[in-house]
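Trainee: Take a look at this one; I'll ask things after.
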Number of protein chains: 2
Amino acid sequence: MSHSVPEPTSVPWTAVRATLKFDAQGLIPAIAQQYDSGEVLMMAWMNQAALDETLATGRVCYWSRSRGRLWRKGESSGQIQRLKELRLDCDGDTLLLLVDQTGPACHTGRASCFYRAVRGTRVDIIAAPLIDPSVLYKA
Amino acid sequence: MSHSVPEPTSVPWTAVRATLKFDAQGLIPAIAQQYDSGEVLMMAWMNQAALDETLATGRVCYWSRSRGRLWRKGESSGQIQRLKELRLDCDGDTLLLLVDQTGPACHTGRASCFYRAVRGTRVDIIAAPLIDPSVLYKA
């Protein structure tokens, strides 16, 4: 892109959608951030269908690589994510989802998946579960 | 992991380091977040060497997929990232870097790479460059 031509300040989503860079598996990384606190909750993956569904419904849907299918966040645990705003990075190869997370985002019952901090030569667990995972995932 | 056995609250980094999940290209996604404001700045990739160097020096080093070499953030632009804390997710397949970013993180001169927001049927540019990129990347 030439920097001598000002970028337009608003363009149609349909045009930008066609420029997103999915990887060889058809996936794009999606970072989920709690919209009001700024806490980074998790990172997962979307394919085009997951992204389109998320925008259409306002409820975040990922692509589960381990299960090989669409994964409507909270479908097992009830801990859903409502989309507040979708943001795209400069290269169009990463998504930032501003979400309103119901309960914990992490399958361990913690608010965020990033609960391990490297401090010196140790890794400390810096957050406790909000809910016991056995309650979240009832048999 | 069985949830009936409490997790230890602190473990050696050397033990956790060996459990990190790099992809088939030997890379792991690394999200950079400004440590005090909570702004998500960018997402890039690290290999084991980039991660080890970052922890050893306190200056963030990524792996540039386009250049196929280590990329010490700011080496061209001067806009470096100092690592405040490294966090790991539950699955050990994503890194969260709490950083102190000098100037803009984005090559467009913006504070964050996530300056495009999907709003209705449009994508709006929601941030202006802090510095003209032609000043950042002098010929």
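The values are calculated or read from the model by the stated rules, or taken from the named source; none is laboratory data. As the structure is a computational prediction, the values presented were derived from the model and not from experiment. Heads up, the Cβs are rebuilt from the backbone with ideal geometry, glycines too, and the neighbour counts pull from every protein chain shown. Areas reflect the complete protein model, heavy atoms only, side chains present, ligands, DNA and RNA absent. Shrake-Rupley method; radii C 1.70, N 1.55, O 1.52, S 1.80 Å.
Trainee: Return the loop-located GluC sites (Glu not before Pro) in region A:8-97 (DSSP other than H, G, I, E, B) with at most 15 other Cβ atoms within 10 Å of their own Cβ; answer none if there are none. All intermediate terms of the calculation are to be shown ahead of the outcome.
Mentor: Details: sites: A:Glu39, A:Glu53, A:Glu75, A:Glu85; in loops: A:Glu39, A:Glu75.
Here the GluC sites (Glu not before Pro) that fit, given the DSSP loop and packing criteria, are A:Glu75.
Trainee: Here is a follow-up. Provide a whole-number value for the mean count of partner chain Cβ atoms within 10 Å of the Cβ atoms in peptide A:117-128.
Mentor: Values: counts 7, 11, 4, 1, 3, 8, 14, 5, 5, 4, 0, 1.
What the average comes to for A:117-128 is 5.
Trainee: Then there's this: If the protein assembly as shown were replaced by its equivalent ellipsoid, with semi-axes equal to the square roots of 5 times the Cα gyration tensor eigenvalues, what would those be, largest first, whole Å?
Mentor: Values: eigenvalues 175, 125, 50 Å².
For the protein assembly as shown, the ellipsoid semi-axes come out as 30, 25, 16 Å.
Trainee: Only loop residues by DSSP count here, and only those with at most 10 other Cβ atoms within 10 Å; note down the chymotrypsin sites (Phe, Trp or Tyr not before Pro) in region A:58-90 that meet that.
Mentor: Sites meeting the loop and neighbour criteria: none at all.
Trainee: Among the trypsin sites (Lys or Arg not before Pro) in region A:9-72, which ones are in a DSSP loop with at most 15 other Cβ atoms within 10 Å of the Cβ? Mind listing them?
Mentor: Taking region A:9-72 and a limit of 15 other Cβ atoms within 10 Å, the loop trypsin sites (Lys or Arg not before Pro) found are A:Lys21, A:Arg65, A:Arg67.
Trainee: Pull up the DSSP beta bridges for chain A and report the antiparallel fraction as a percent, rounded to 5. Please report the intermediate quantities before stating the final value.
Mentor: Details: 22 of 27 bridges.
Once the DSSP bridges in chain A are tallied, antiparallel ones form about 80 percent.
Trainee: What does the charge count around B:Thr14 come to, taking other residues whose C-beta lies under 13 Å from its C-beta (Lys +1, Arg +1, Asp -1, Glu -1)? Intermediate results must be reported in sequence, preceding the final value.
Mentor: On the way: positive: A:Arg122, B:Arg17; negative: B:Asp52.
Once positives and negatives cancel, what remains is +1.
Trainee: Place +1 on the Cβ of every Lys and Arg and -1 on the Cβ of every Asp and Glu in chain A, take the dipole about the Cα centre, and give the residue among A:Leu70, A:Ala56, A:Ser10 whose Cα lies farthest towards its positive end.
Mentor: Working it through, the farthest residue towards the positive pole turns out to be A:Leu70.
Trainee: Could you state how much accessible area is buried at the A-B interface, both sides summed, with a 1.4 Å probe, in Å² to the nearest 100?
Mentor: Using a 1.4 Å probe, the pair buries roughly 4200 Å².
Trainee: Against the longest alpha carbon principal axis of chain A, how many degrees, from 0 to 90 and to the nearest 10, is the axis of helix A:48-57 turned?
Mentor: The two axes meet at around 80 degrees.
Trainee: Give me the percent of Cα-Cα pairs in region A:1-99 that sit more than 22 Å apart, rounded to a whole number.
Mentor: 30
Trainee: Looking at chain B as a GNM with Cα springs under 10 Å, which of B:Ile31, B:Ile126, B:Ile80 has the largest mean-square fluctuation?
Mentor: Largest GNM mean-square fluctuation: B:Ile126.
Trainee: Per residue of chain B, what 222 nm ellipticity follows from adding -39500 (n - 2.57) for every DSSP H run with n ≥ 4, rounded to the nearest 500?
Mentor: The helix contribution divided over chain B gives -3000 deg cm²/dmol.
Trainee: What is the dipole size for chain A, taken about its Cα centre, with +1 at each Lys and Arg Cβ and -1 at each Asp and Glu Cβ, in debye to the nearest 20?
Mentor: 520
Trainee: Straight-line reach only, C-alpha to C-alpha below 22 angstrom: list the lysines that A:Lys84 could link to, leaving out same-chain residues fewer than 8 apart.
Mentor: Candidates past the 8-residue exclusion: A:Lys73.
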